[in-house]
Amino acid sequence: MRVFKEEQRFNQLWLIALIAISAIIPIILVCVEYFKNQNSISTLELILIILLLIFFSGLIFIFKLSTKIDELGIHYKFFPLHLKYNTISWKSINNAYIRTYEPISEYGGWGIKGGWNKSKGKAINVSGTIGIQLELANGKKLLIGTKKQIEAENTITYYKTQLNHSNNV
């Protein structure tokens with residue numbers, strides 16, 4: 001029995017820089033206003049505004065995509081939106097393979113995306129351009145991002161072989 005496990009987070013340098021700038025600019029503006037006119041807001045309100053800006057800017061970093069592939073199927077969880085794994089059984093999967101994709105043009109970016117091209121299906125990803133493409137028995141498609149292309153591919157191939165062997169017996 002093989003088990004593939006992977007966890008990914010939003011930790012791209014460009015994203016961290018963008019969020020930092022998006023937080024720093026309002027903090028600077030609030031501080032400038034506070035020091036120009038200290039009657040505009042209290043010191044406590046200033047501190048609260050700064051803490052809230054930092055808190056909300058950092059929320060994206062609690063998101064985590066967890067993927068597991070085992071004898072039951074392919075499981076995924078996008079915490080905190082999913083508190084437990086969503087399982088797609090092998091019986092529900094017509095085809096599973098690894099492919100390169102374009103996150104922005106195919107799905108509209110990263111996260112949980114429906115994509116503007118409905119023929120592509122749904123994507124759950126946090127970075128990169130490699131994914132586990134699932135074509136489901138109900139006709140739907142799901143792409144789960146991965147950074148462990150070879151390990152995922154080997155595990156999928158292993159279970160495809162096991163399932164084909166058990167169906168032929």
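What to note about this one:
- Pairs of Cα atoms farther than 20 Å apart, region 1-128, %: 60
- When Rg and the Kirkwood radius Rh are both evaluated on Cα atoms of region 11-61, their ratio Rg/Rh stands at 1.07.
- Between Ser22, Leu163, Leu52, the Cα set farthest toward the positive side of the dipole of region 19-169 (charges on each charged residue's Cβ, about the Cα centre) is that of Leu163.
- Normalising the average separation of contacting C-alpha pairs (under 8 angstrom, six or more residues apart) by the number of residues puts the relative contact order of the chain at 21 percent.
- Segment Thr100..His82, full-extension length gain: 4.0 nm, with 0.36 nm per residue of separation and the alpha-carbon distance subtracted.
- Folded to 0 to 90 degrees: helix 149-168 orientation relative to the chain principal axis, Cα: 30
- Note on Gln12 and Leu136: the model spin-label points, each 7 Å out from Cα along the C-beta direction, lie 2.6 nm apart.
- Check: region 49-169 dipole with +1 on Lys, Arg Cβ and -1 on Asp, Glu Cβ, in debye: 260
- Straight-line reach from Lys120: taking Cα to Cα under 17 Å and skipping same-chain neighbours fewer than 8 places apart, the aspartates and glutamates in range are Glu102, Glu106, Glu135.
- Diffusion coefficient, µm² s⁻¹, Stokes-Einstein with Kirkwood Rh over alpha-carbon pairs of region 62-169 at 20 °C and 1.002 mPa s: 151
- The chymotrypsin sites (Phe, Trp or Tyr not before Pro) of region 60-145 that DSSP puts in a loop, and whose beta carbon has at most 15 other beta carbons within 10 Å, are Tyr85, Trp116.
Laboratory data are not the source of any read-out in this text; all were calculated from the coordinates shown. Treat the numbers as computed from the prediction; the structure is a model and nothing was measured. Neighbour counts run over all protein chains shown; Cβ positions are idealised from the backbone, glycine included.
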